[in-house]
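Here the structure is laid out as structure tokens; the discussion comes afterwards.
The values are calculated or read from the model by the stated rules, or taken from the named source; none is laboratory data. In this text the structure is predicted, and so the values were computed from the model without any measurement. Here the Cβ is made from the backbone with ideal geometry for all residues, glycine too, and neighbour counts use every protein chain on show. Just the protein is used for accessible areas: all its heavy atoms, side chains included, with ligands, DNA and RNA removed. Shrake-Rupley method; radii C 1.70, N 1.55, O 1.52, S 1.80 Å.
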Amino acid sequence: MDARFFTAWVEETARAVAAGRDRLTRLDAAIGDADHGTNLDRGFTAVREALSAAFPGTPGAVLTLTGTTLIRKVGGASGPLYGTVFRRMGAVLTAARREGPGEPAGHGPAGWSSPPGAGYRPEAPEDPEEEVTVTLADLAAAFEAGLAGVRKLGGAQEGDKTMVDALAPATRALSGAVRAGRGAREVFDAALAAAREGAVATVPLMARKGRASYLGERSIGHEDPGAASTVLLFAALRAAAGG
Amino acid sequence: MDARFFTAWVEETARAVAAGRDRLTRLDAAIGDADHGTNLDRGFTAVREALSAAFPGTPGAVLTLTGTTLIRKVGGASGPLYGTVFRRMGAVLTAARREGPGEPAGHGPAGWSSPPGAGYRPEAPEDPEEEVTVTLADLAAAFEAGLAGVRKLGGAQEGDKTMVDALAPATRALSGAVRAGRGAREVFDAALAAAREGAVATVPLMARKGRASYLGERSIGHEDPGAASTVLLFAALRAAAGG
Amino acid sequence: MKKLINSTDSVVTDALAGMAAAHPDLRVDLAHKVVYRRAAPTPGKVGLVSGGGSGHEPLHAGFVGHGMLDAACPGEIFTSPVPDQVIEASHGVDGGAGVLHIVKNYTGDVMNFEMAAEVCAEEGVEVGTVLVNDDVAVKDSLYTAGRRGTGATVFVEKMTGALAETGAPLGEVAKLGGRVNARSRSFGVALSSCTVPAAGGPTFDLGDAEVELGIGIHGEPGRTRAPAAPARELTRVAMDAVHDDLPLSGEVLVMVNGMGGTPLVELYVVFAEVAAYLREKGAVPARSLVGNYVTSLDMQGFSVTVCLLTDQLTQLWDAPVQTPSLRWGR
Amino acid sequence: MKKLINSTDSVVTDALAGMAAAHPDLRVDLAHKVVYRRAAPTPGKVGLVSGGGSGHEPLHAGFVGHGMLDAACPGEIFTSPVPDQVIEASHGVDGGAGVLHIVKNYTGDVMNFEMAAEVCAEEGVEVGTVLVNDDVAVKDSLYTAGRRGTGATVFVEKMTGALAETGAPLGEVAKLGGRVNARSRSFGVALSSCTVPAAGGPTFDLGDAEVELGIGIHGEPGRTRAPAAPARELTRVAMDAVHDDLPLSGEVLVMVNGMGGTPLVELYVVFAEVAAYLREKGAVPARSLVGNYVTSLDMQGFSVTVCLLTDQLTQLWDAPVQTPSLRWGR
Ligand SMILES: Nc1ncnc2c1ncn2[C@@H]1O[C@H](COP(=O)(O)OP(=O)(O)O)[C@@H](O)[C@H]1O
Ligand SMILES: Nc1ncnc2c1ncn2[C@@H]1O[C@H](COP(=O)(O)OP(=O)(O)O)[C@@H](O)[C@H]1O
Ligand SMILES: [Mg+2]
Ligand SMILES: [Mg+2]
Ligand SMILES: [Mg+2]
Ligand SMILES: [Mg+2]
């Protein structure tokens, strides 16, 4: 998968968010403050502009720019959280290209704008002519890192009724399918199915993190908006893969 | 007609206002500020209390106390206007008792609390033991004076869509019937019918005085609340006469 | 209808009890329903009394204090005060230099204040009156009730208050009030009706895509109903009406006033449009107020009031004021 | 939905343009969405930065000025600001004595301010943080997001602002902020939902005889729904919740805050009840605010915030303040 694939994924996500914007906002109205769809749509609109302006040439650069832009434009809880997912994934893929799969160094939430002095510009690829591709295993590692980043930043466990309830099972399913040697289509199908199941499973939960937690028992019976938007990420991934 | 009759009239008016309160307020909501029923009900509630506390012994004293209390408790446009009607009537009836029918001296709006220094207390009858009664002719003169007072204070002509549109024809009908030598029942019937007709005739008018005038053409098509409450006055008069 | 009240009858007195508890600088006479400065009367100073129906808060009681009113007489909701209140207040603020009544032009207010003024005169209190009638939505004419008094009341109260504080005589303070009124114009727009507590429901119904243009401050419908439009257009309607009546130029004082139920963030959106409009006409928004000053209970909407400044008026506007709802410069 | 806006996307920037036009004492950076004191930074003074979602006006931009904030970062409606805004503002107010971030405890606010603080530290700006979490409607626990920050933010901003004005060092100002927060509690009640412009309709539906108890300031539903009740009873529910958590005694500062759509006359009715409650408990409402300070757009309802005063806190509260929406003593 090359930069074009990842660009397509992000753009497909942006389209899905725009289309799902009102639904996400309605979900947030029920147990939050009625802005989740607006927030993500504003962010992903900015991401599309940033991508078509910078035209980043590597998978890592695409995702890092996506994450940075989300942090810069979204605000709220979902901005830093989704921003961290993409920035962590970008860091892993950038490292993967250089060193093969593995954990990148020091890109915790503390380092969202590092290296110091570099502002928020994504690192330029070393040689834009060189065609950079990453493997499904790299992608699995990237999702694992993204998930770890969200967990660390937001402190949510599975079952707390947050985006983690979709992101965690989807990441597990994706990694599992990759390890089992499945092809891209099957891998993405598995991830999407798990994300969907995770999102639906938030309905009966009582929220323990984020704004919905203030509602206590009244948060029960509603799908978590962040979990619902995470499903869009995985649906877009399958679509980008020609699903 | 003695003090008891006039007390009965005012109390009957108070009951009718209480019963019609919400209707009057609704009429005022359409072309005013939704308080006419509340205003008059507050005023006439206070009047009932004042009457049963002071127990005035002459027709003039009953109506003067009624008018003074309305001025002291109602506020808005209708307080001074209805207050003036009753005070002017009271002055005529008090004078009538002393001098026979005729115009009383110097009780314009300027004198609503005169004589100076007397505060707002109604004048005490000279001899409470003496049974004071007034004639239908006295009553007609009293209504003429009341109408003149409202005209002077508010500056409204007939056709301006105000209480004058009910009070003027009712007063004319009452005076005419008295002059024609009719009995009380017929006199009051004639006045009530004219008041009703006058009030209904305000519907197609455009208001030129009071709050409804701010609506311009939009005041057309609604009955004037003050004209509607004037009808209650005349209905109560008939009821007090055993109608 | 849901309201933060104990009963529809006790709203005004309950709120006055709250004002008394919240503002140690005020003295509230609950029996007579008059709000005074704690130290009233000020010897040798003209006493300023205003009043009107309640439901317009902070007008008038929120403007009692140094540099503005000496007393306010709140009537029942949307009902002018009774003469007794005004008489009581006038006695209470007469420091020997006479008393100025600031009256908004409504039939009820005018009649009740006139009756009070007559009694005051009989009882030896010298009274002057300023009638405020700034609302351009109402066509003035000899045959009608004339223009309503709305937002300019705040300007008149502030500037006459500042002048009275200098020890100016009653005649001069009254004349100044007339001048401020003559140089001021207002226009209001409603996005929703208000609900009068005793009435129990909205005064009028407004469609989801309609607004009322040319409203007053008693929750009454306006002159016309129009389709809802962006803030820019609604502002232009209001400003055009003002400008047609009193061409705008030079330095102006401008108030963008909320009707009670409109968030401040929206009032600032309107203010940006008002400022742009003024500049387009070559006028300068030299002084401004943005917020809830002359309200209609919970109505959503705004009014804009403009006053053509002179050096004297600017100075009087800038003079110190210490009231619950207007406070600066000391 | 009817709003005084030009478009749902431009509300915040349009309102900022209005603030810029209305308040010559402020400098508004429209590109970065930061509102500064005109003369920021003040050399040698700790710079105070706060921020949060818009829709709570006058919080926070209305509290920028002498004796209070140096800068405010308004996010989109109900959405915390992004780190860029906070970083920009922190640089802009750093007079060499460091910068204090005043943050309401919401997941989004906390994360965005933390990210900004990290970058500030990397870029050489010393940053301290006060986290406000005064809302007793939310049960605090290690496993949840913790209590929300609501009305006490005004107290923290005012008192830390006054202390910073004296030249106190960052550590001391931050500690004072924590102390004010620790001595303050809030509880809110909604009579209606608000309407978020971009959402286009009310966030929740509430029956004509229902209220929401224990609401926050983002138009979210509360902890429980209850039958509508007189002001006296609703006030008692709120005050009991506060008193149960922080027993009330001695001199207190109390704010009765409107949620944006509630008329001032009703807030005074509530204040009368609050004052009576406090006296019943042996506490004294020594200082007070009644009005719209921390709002939820057009929501109808109120919140009450109480702070147990000390001599120092009273002094800091009384110190001069010159901002668009809080102004006294100079
Ligand atoms: N601590 C957290 N960890 C993980 N996800 C969280 C956390 N807090 C909130 N979220 C997610 O963020 C979503 C809300 O995002 P959004 O509405 O954009 O932000 P805000 O809550 O600030 O308005 C929630 O539905 C939830 O999935
Ligand atoms: N100038 C006037 N002359 C005669 N009647 C008037 C005048 N102005 C108003 N009214 C009457 O007063 C009525 C309104 O009374 P009310 O609602 O109690 O007072 P307000 O208009 O002050 O709210 C109108 O319906 C009209 O009949
Ligand atoms: Mg949200
Ligand atoms: Mg009326
Ligand atoms: Mg009225
Ligand atoms: Mg939000």
Subject >> Only listed residue being away from every other protein chain (no Cβ under 12 Å) and either crowded, with 24+ Cβ neighbours inside 10 Å or out of contact with any His (no Cβ under 8 Å at 6 or more places or on another chain) (or both), chosen from C:Val290, C:Val252, C:Val269 >> reply: C:Val252
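Residues are listed down the side, and each one gets a yes or a no for (1) more than 16 Å from ligand 5 (Cβ to nearest atom); (2) open to solvent by 10 Å² or more (accessible area, probe 1.4 Å); (3) more than 17 Å from the chain's Cα centre (by Cα):
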site	(1), (2), (3)
B:Phe5	yes, yes, no
B:Arg23	yes, yes, yes
B:Leu27	no, yes, yes
B:Gly43	no, no, no
B:Arg48	yes, yes, no
Subject >> Residue check for C:Thr8: within 27 Å of B:Thr68 (Cβ to Cβ), without any contact (Cβ under 8 Å) to a residue 40 or more places away in the chain and hydroxyl-bearing (Ser, Thr, Tyr) >> reply: no
Subject >> Tally of residues being over 15 Å from C:Leu308 (Cα atoms) and surrounded by fewer than 24 Cβ atoms within 10 Å (Cβ to Cβ) across region C:164-183 >> reply: 10
**OP:** Among the numbered conditions (1) closer than 30 Å to D:Arg287 by Cβ; (2) open to solvent by 30 Å² or more (accessible area, probe 1.4 Å); (3) of a type outside the set (Val, Ile, Thr), tell me where D:His218 comes up short.
**Re:** (2)
**OP:** Could you please let me know if D:Asp245 is under 21 Å from the mean Cα position of the chain (by Cα), open to solvent by 40 Å² or more (accessible area, probe 1.4 Å) and farther than 21 Å from A:Ala30 by Cβ?
**Re:** yes
Original post:
Is it the case that B:Asp189 is at pLDDT 95 or above and closer than 25 Å to B:Ile71 by Cα?
Top reply: no
Subject >> Residue in region C:13-27 that is nearest to the other protein chains (Cβ to nearest Cβ), counting only those that are of a type in the set (A, V, I, L, M, F, W, C) and surrounded by fewer than 21 Cβ atoms within 10 Å (Cβ to Cβ) >> reply: C:Ala17
**OP:** Output the number of residues of region A:208-224 satisfying the condition of being out of contact with any Phe, Trp or Tyr (no Cβ under 8 Å at 6 or more places or on another chain) and within 12 Å of chain D (Cβ to nearest Cβ).
**Re:** 11
Subject >> Residue check, C:Gly128 out of contact with any Ser or Thr (no Cβ under 8 Å at 6 or more places or on another chain), more than 14 Å from chain B (Cβ to nearest Cβ) and within 22 Å of C:Thr166 (Cα to Cα) >> reply: yes
Original post:
Among the candidates B:Gly216, B:Gly198, which residue alone is buried (at least 23 other Cβ atoms within 10 Å of the Cβ) and more than 16 Å from ligand 5 (Cβ to nearest atom)?
Top reply: B:Gly198
Subject >> Condition met for D:Asp70 (away from chain C (no Cβ under 14 Å), touching a residue at least 24 places away in the same chain (Cβ under 8 Å) and surrounded by fewer than 24 Cβ atoms within 10 Å (Cβ to Cβ)) >> reply: no
Subject >> Subset of region B:62-87 [within 17 Å of B:Asp41 (Cβ to Cβ) and basic (Lys, Arg)] >> reply: B:Arg72, B:Lys73
Original post:
Which of the residues that make up region C:82-134 are farther than 22 Å from C:Val154 by Cβ and charged (D, E, K, R)?
Top reply: C:Asp84, C:Glu88, C:Asp94, C:Glu114, C:Glu118, C:Glu122, C:Glu123, C:Glu126
Original post:
Do you know which of the residues in region D:272-287 that are open to solvent by less than 10 Å² (accessible area, probe 1.4 Å) and at the interface with chain C (Cβ under 10 Å from one of its Cβ atoms) is nearest to the chain's Cα centre (by Cα)?
Top reply: D:Val274
Subject >> Answer from C:Leu48, C:Leu59 - the residue that is open to solvent by less than 10 Å² (accessible area, probe 1.4 Å), touching a residue at least 40 places away in the same chain (Cβ under 8 Å) and out of contact with any Phe, Trp or Tyr (no Cβ under 9 Å at 6 or more places or on another chain) >> reply: C:Leu48
Original post:
Among the numbered criteria (1) open to solvent by 10 Å² or more (accessible area, probe 1.4 Å); (2) closer than 30 Å to D:Asp9 by Cα; (3) not in a loop (DSSP other than H, G, I, E, B), which single criterion is violated by D:Leu206?
Top reply: (3)
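For (1) away from every other protein chain (no Cβ under 11 Å); (2) open to solvent by 20 Å² or more (accessible area, probe 1.4 Å); (3) under 30 Å from A:Ala77 (Cα atoms), each residue gets a yes or a no:
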residue	(1), (2), (3)
D:Ser186	yes, no, yes
D:Leu213	yes, yes, yes
D:Arg225	no, yes, yes
D:Asp240	yes, yes, no
Original post:
Taking into account only those residues within region B:59-75 that are open to solvent by 10 Å² or more (accessible area, probe 1.4 Å) and either over 19 Å from B:Gly149 (Cα atoms) or within 16 Å of ligand 2 (Cβ to nearest atom) (or both), which is farthest from the other protein chains (Cβ to nearest Cβ)?
Top reply: B:Thr69
Subject >> Check on C:Glu76, of a type in the set (D, E, K, R), open to solvent by 20 Å² or more (accessible area, probe 1.4 Å) and within 14 Å of ligand 4 (Cβ to nearest atom) >> reply: yes
Subject >> Condition broken by C:Gly62, with the remaining ones in (1) at negative phi; (2) away from chain B (no Cβ under 14 Å); (3) touching a strand residue (DSSP E or B) at 6+ places or on another chain (Cβ under 7 Å) satisfied >> reply: (3)
**OP:** Those residues that are among the hydrophobic types (A, V, I, L, M, F, W, C) and facing another protein chain (nearest Cβ under 7 Å), I need them from region A:27-43; list them, please.
**Re:** A:Ala29, A:Ala34
Original post:
Does A:Leu81 satisfy the condition of being within 13 Å of the chain's Cα centre (by Cα), within 16 Å of ligand 6 (Cβ to nearest atom), modelled with pLDDT of 95 or more and within 9 Å of chain D (Cβ to nearest Cβ)?
Top reply: yes
**OP:** Could you check, for region C:146-160, whether at least one of its residues is more than 30 Å from C:His243 (Cβ to Cβ) and out of contact with any helix residue (DSSP H, G or I) (no Cβ under 8 Å at 6 or more places or on another chain)?
**Re:** no
**OP:** Would you mind finding the one in D:Val82, D:Val138, D:Val103 that is within 15 Å of ligand 1 (Cβ to nearest atom), of a type in the set (A, V, I, L, M) and open to solvent by 10 Å² or more (accessible area, probe 1.4 Å)?
**Re:** D:Val82
**OP:** Kindly indicate the residue of region D:91-100 that is away from chain A (no Cβ under 14 Å) and of a type outside the set (Asp, Glu) and also surrounded by the most Cβ atoms within 10 Å (Cβ to Cβ) among those meeting that condition.
**Re:** D:Leu100
